1. Return the residue satisfying two criteria in turn: it lies in the range 421-439 and is in a loop (DSSP other than H, G, I, E, B) and in contact with a strand residue (DSSP E or B) (Cβ under 9 Å, 6 or more places away or on another chain), and of such residues it is surrounded by the fewest Cβ atoms within 10 Å (Cβ to Cβ).
2. Identify the residue in the range 166-212 that is acidic (Asp, Glu) and part of a loop (DSSP other than H, G, I, E, B) and, among all such residues, is surrounded by the most Cβ atoms within 10 Å (Cβ to Cβ).
3. Among Ala61, Ala78, which is the only one that is of a type in the set (Gly, Ala, Ser) and touching a His at 6+ places or on another chain (Cβ under 9 Å)?
4. Take the residues in the range 330-357 that are charged (D, E, K, R) and in contact with a Gly (Cβ under 8 Å, 6 or more places away or on another chain); name whichever of them is nearest to Ser525 (Cα to Cα).
5. Here are the criteria: (1) at pLDDT below 90; (2) among the aliphatic types (A, V, I, L, M); (3) not in a helix (DSSP H, G or I). Tell me which single one Met102 does not satisfy.
6. For a quick check of your reading of the model, give me the residue pairs whose first member lies in the range 442-471 and is in contact (Cβ under 8 Å) with a residue 12 or more places away in the chain, whose second is surrounded by fewer than 16 Cβ atoms within 10 Å (Cβ to Cβ) and among the aromatic types (Phe, Trp, Tyr), with beta-carbon atoms closer than 7 Å and at least 6 apart or on different chains.
7. Residues that are modelled with pLDDT under 95, under 22 Å from Gly269 (Cα atoms), not hydrophobic (A, V, I, L, M, F, W, C) and not in a loop (DSSP other than H, G, I, E, B): does the range 111-122 have at least one?
8. Tell me, yes or no, whether the range 467-474 has at least one residue that is open to solvent by less than 30 Å² (accessible area, probe 1.4 Å), more than 30 Å from Asp337 (Cβ to Cβ) and not small (Gly, Ala, Ser).
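The values are calculated or read from the model by the stated rules, or taken from the named source; none is laboratory data. Since the model is a prediction, treat every value here as computed from it, not as a measurement. For neighbour counting, all protein chains shown are included, and Cβ atoms are generated from backbone atoms with ideal geometry for every residue, glycine included. Surface areas here come from the heavy atoms of the whole protein model, side chains and all, with no ligands, DNA or RNA. Shrake-Rupley method; radii C 1.70, N 1.55, O 1.52, S 1.80 Å.
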Amino acid sequence: MDRSATDRHRVPALLALILVLALGLGVTPAAAQGHFQRPGAATPEVDERSAAVQPQAPVPAPPRTADEVVVEVGQDVAAVFEAHPAGTRFRIASGVHRAQVMPVETGDVVTGDDGAVLDGTVPLPASAFRRSGSTWVAGGRTEQVFTDTGRPDGLMHGEMVEGHARDAANHDLWVDGVRARHVATRAEVSGPGTWYFDYAADEVITGADPARHTLELATAWWAVRSEADDVVLQHLTVRRYASPAQHGAIHIDGEGWTVRHVTATENHGAGIKLGARTTLRDSRITANGQIGVTAWGGAGIVVERNEIAHNRTLGYNWGWEGGATKLKGTVGAVFADNWVHDNDGPGIWFDIDNVDAEITGNVVEGNLWLGILYEISYGALIADNTVRDNGAAAYGDLGAGIWVSNSRDVEVRGNVLYGNRIEILASHADRGAGAHGRYETTGLKVHHNAVEIGHLPVGLRVHTAERELYTSRGNTFFANRYHLVDGASEFWWDGERTADGWRALGFDTDGTFTRGPADMGLHTSFQSGPYGHLTS
């Protein structure tokens, strides 16, 4: 089921909210619009106090067993799977399996040997090309681009930043192992780093001499997409698939899957799309073009002990959907003990009708726009996370370490925050209603956190006439420990507040406040894991 229409119609409302938030700190609408622009060379400042987090080496795959059906390199993977009944145990042999799709059935167990790679590309040999001026052209390429058929203009799927419209085409050309820039017209192809897929003419045009460079075209959309239930997928690398935006190279439409010790990397759209009752564990989701991990709904999703990093390498608007993660419509989701870092977009993002999520024990750092965002949803525990150095590319009220937006009954407890553009922000605007009532920021409890306020103020911003959200709707801060960096803004609650003014409102009367240069001795005891799949 494609939820793209729902998200697409939300874009104007989301942009309007961003403009409101940006203007809250006096940022111009033009600057707020920059929220949707890819920051390019912008990089977060690294806090030298941050304890280094380093992953352990992935664990080796388990030994083969006699009951496994082995799939060797060069075999038709789909044919092997289809020749066996549901509940079969498969072993993917070491080596590169190109442009293969696994049609799994309920109860299947799929295990890769060390070094087993499912690669969504096919090689383009020099013999496939003819020279045309300063470019090379390969004909007979009949691949079809994914389009959003719900749109009257039939455009390729995705909301893109200016100058990156062609990134919405889900096929990628890899030149010597580097994704080439997909330009907007044939005439713009110039040099080995650019290319164009002329879908109408069935031609690939590249500026790379195929006699001097290795060219690979991503053609397969999914390594696996299935409505089967209770599948185990483990010890595999899935890379460079032509997954459309909001669709995973591993795309789970069934329930009860276990995905562990998997690496999903350099895929075009999403690395992995989760289904209900699915567990994603001990995996590495990195460098995917649109987003690392997404979910379209369901109860019982668990995401734990993964590294999710460096996602959104293509020009998708992160405000539409891009970055590390985005989960929608989940019930009781658990997002725990992950290392979410250096993504071009939000780190952990729950958006639209999520209920009773638990976001605990994660290290969320170096994400360019936001750390943790819980948006237009209901009920959450955000606890015991280390959230640092997020928001370096943000504007206005964007860039929070933890941002609760129009979501009720959220508890923010026991987190350590520092180095973020804003440490903790709650906001309320007119966002309408969802599956469980009005989207509103009420019942917010922020307590027992350690927070170093070094940039913009902590607090609540209400962008409607409902001043009672400041006084009588259960929003409160208590027992927090603050370090106030000299010269920084401190708090916001219906206006700027000093620490004394904050306590006069009744907040953190049992908390502690210190002042001086940055450094309250914060660190994380987070233990990284053996993420991903052993490929060497």
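1. So in the range 421-439, the residues in a loop (DSSP other than H, G, I, E, B) come out as 421, 429-432, 435-436, 439.
Adding the requirement that they be in contact with a strand residue (DSSP E or B) (Cβ under 9 Å, 6 or more places away or on another chain) leaves 421, 429, 431-432, 435-436, 439.
On the way: Arg421: 25, Ala429: 20, Arg431: 23, Gly432: 10, Ala435: 12, His436: 13, Tyr439: 22.
Applying the filter and picking the extreme gives Gly432.
2. To start, the set of residues in the range 166-212 that are acidic (Asp, Glu) comprises 167, 172, 176, 188, 198, 202-203, 209.
Adding the requirement that they be part of a loop (DSSP other than H, G, I, E, B) leaves 172, 176, 202, 209.
Details: Asp172: 25, Asp176: 12, Asp202: 14, Asp209: 15.
In this case the residue turns out to be Asp172.
3. Working: Ala78 fails: touching a His at 6+ places or on another chain (Cβ under 9 Å).
It is Ala61.
4. The initial filter retains those residues of the range 330-357 that are charged (D, E, K, R), namely 337, 342, 344, 351, 353, 356.
After this cut, where a residue has to be in contact with a Gly (Cβ under 8 Å, 6 or more places away or on another chain) as well, the list is 337, 342, 344, 353, 356.
Values: Asp337: 11, Asp342: 19, Asp344: 25, Asp353: 32, Asp356: 26 Å.
By that ranking, first place goes to Asp337.
5. If we test Met102 against (1) at pLDDT below 90; (2) among the aliphatic types (A, V, I, L, M); (3) not in a helix (DSSP H, G or I), just (1) comes out false.
6. Sorted first by the residue in the range 442-471, then by its partner, the pairs are His447/Phe478.
7. So in the range 111-122, the residues modelled with pLDDT under 95 come out as none.
No, every residue in the range 111-122 fails to be modelled with pLDDT under 95, under 22 Å from Gly269 (Cα atoms), not hydrophobic (A, V, I, L, M, F, W, C) and not in a loop (DSSP other than H, G, I, E, B).
8. Keep residues of the range 467-474 that are open to solvent by less than 30 Å² (accessible area, probe 1.4 Å), which gives 469-470.
If we keep only those that are more than 30 Å from Asp337 (Cβ to Cβ) as well, we get 469-470.
After this cut, where a residue has to be not small (Gly, Ala, Ser) as well, the list is 469-470.
Checking the range 467-474: at least one residue is open to solvent by less than 30 Å² (accessible area, probe 1.4 Å), more than 30 Å from Asp337 (Cβ to Cβ) and not small (Gly, Ala, Ser).
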